Amino acid sequence: MTGQDWRARFDSLLGRAERLEPGEAKVMALEEAARLADAHGEVGLAYEVRDSLIDAATFGGFPDRALAAFAWCRAQQQRDPERFEPEGLLWKQKWVVGRLDEFPHIGRRQIEDALEDAARCFEKAGAGERAVLKLRYQAARDMGDADRAATLWAHWRQTPRDHLTDCLACELDDELDHHLDQGEYEEVVRKARPLLEGRYGCAEVPHQTLGSVLYPLFKLSRLEQARDSHLRGYALVRGNRDFLATVGEHLEFLALTGNVARGLKLFERHLPWALTHASHRDRFTFYTAALALMERALVEGHERERLALPRAFPLYSPEGAYETRVLRGWLAMQSEAIAARFDARNGTDRFWRLLERSQRMGAEARPFPIDAAVAD
């Protein structure tokens, strides 16, 4: 390929990527453009493309590919800091570092090293500690270090905002996790109100928030509001695999309220995401919710189901006929395997306790039919 030919191809790929919404097609276009730049020694162009690739992969549901692109850019910064200023990647460093604990093969030492690197970069940029404190809190929480998470939570909330602090919508949405862990459901709903009412918002809020409030609203017997949050929230996330975990929260709500047929439609539609998603944490959230759904299906006498599941599914049936007990068994096996890997890495039993919670969920179920049909 001549110099003119490859550059025309490169520009074409960038143009295609700009027209696409976040997703696999956009990620693939940018990855091909990066390979072309690499092959022709265009380090500057390769850096610019990967900078865009981090965004596309992060918000399109490919966190592993965002991590790879960020690692390449970070290495270039360290090699030539005058050409590639570190401050240009600081926001993206938060996105990437904040998701490292979702991969059980990444060790605690590696995660801590990445947090320390972020802290040094932020300090050099004249930022305070708030952004890194939130990352540290979230990592401690996700790994089940409850005492450390509580200490970091308090420190994060008391530290002043600065130019690298996340937006108000993201910060408020992230606060909900702490109250969910404590069973403070009234506080979850109270803090979520300005997000749900549209007073604050961003690319992922209220999309995630509408999933987070489903269980609290269910526990508070505010089922009409929960139904409305489900219908509104699922419409926002159904087309983007970045929200696999949030889809899991919607699936859990349908299991809790006995909406098995609706839940099976969601399971059928989003299982392909779960089978290939790089985030084991998000995959775990989806599988455990689906496990609760299958338990509820059995309680209601659904012994067999006809489902259009993907050929990549290990139990794929060309006829589309599935035994509910067999699906339940497969989901339990997947959930247990992921929980074991995380708990071994973390040195805690957090994921096993989350799995046990999903298995106990049947005792909480309260039928509440949802009249409006799920959009196809």
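Below 8 Å between Cα atoms, with a sequence gap of 6+, how large is the relative contact order for segment 229-376 in percent?
It comes to 28 percent, rounded to a whole number.
Report the Cα-based extents of the chain along its three principal axes, largest first, to the nearest Å.
65, 52, 41
So which GluC sites (Glu not before Pro) in segment 76-115 pass both tests, a DSSP loop state and at most 10 other Cβ atoms within 10 Å of the Cβ?
Details: sites: GLU82, GLU87, GLU102, GLU112; in loops: GLU82.
Taking segment 76-115 and a limit of 10 other Cβ atoms within 10 Å, the loop GluC sites (Glu not before Pro) found are GLU82.
Show me the GluC sites (Glu not before Pro) within segment 256-335 that DSSP assigns to loop and that have at most 14 other Cβ atoms within 10 Å of their Cβ. Could you put the intermediate results ahead of the total?
Values: sites: GLU268, GLU295, GLU300, GLU303, GLU305, GLU319, GLU323; in loops: GLU300, GLU303, GLU319.
Qualifying residues, ordered by number: GLU300, GLU303, GLU319.
Mind sorting LEU251, LEU176 by how few other Cβ atoms lie within 10 Å of their own Cβ, fewest first? Show your work: numbers first, answer last.
On the way: LEU251 29, LEU176 21.
Fewest-to-most Cβ neighbours within 10 Å comes out as LEU176, LEU251.
On a C-alpha basis, how far is the centre of segment 199-221 from the centre of segment 13-88 in Å? Whole number, if you could?
32
Mind listing which trypsin sites (Lys or Arg not before Pro) in segment 39-136 are in a DSSP loop and have 11 or fewer other Cβ atoms within 10 Å?
Loop-located and lightly packed - ARG83.
Rounded, prolate or oblate: pick one for segment 66-156, where a ≥ b ≥ c are the square roots of the eigenvalues of its C-alpha gyration tensor, a/c under 1.5 means rounded, and failing that, prolate if a/b is larger than b/c, else oblate.
Values: a/c = 2.75, a/b = 1.50, b/c = 1.83.
Oblate, since a/c reaches 1.5 and b/c is not below a/b.
To the nearest 500 deg cm²/dmol, what mean residue ellipticity at 222 nm is calculated for the chain from DSSP H runs of n ≥ 4 alone, each contributing -39,500 (n - 2.57), summed and divided by the residues? Intermediate values should be presented prior to the final figure.
Working: 18 runs with 256 residues, N = 376.
Result for the chain: -22000 deg cm²/dmol, rounded to the nearest 500.
Over the chain, what is the mean sequence separation of C-alpha contacts under 8 Å (at least six apart), divided by residue count, expressed as relative contact order in percent?
Values: 477 pairs, mean separation 47.6, N = 376.
Contact order relative to length: 13 percent.
Helix 350-360 versus the longest principal axis of the chain: what is the Cα-based angle in degrees, 0 to 90, to the nearest 10?
Taking the Cα atoms of the chain, the angle to 350-360 is about 30 degrees.
What is the percent of Cα-Cα separations in segment 231-376 that go past 22 Å? If you can, show how the numbers build up before the last one.
Working: 3785 of 10585 pairs.
The calculated P(r) of segment 231-376 puts 36 percent of pairs beyond 22 Å.
A short reminder: the numbers here are calculations on the coordinates, not readings from a lab. What you see is a predicted model; the values in this text were computed from it and never measured. Cβ coordinates were reconstructed from backbone atoms using ideal geometry, including for glycine residues, and neighbour counts include every protein chain displayed.
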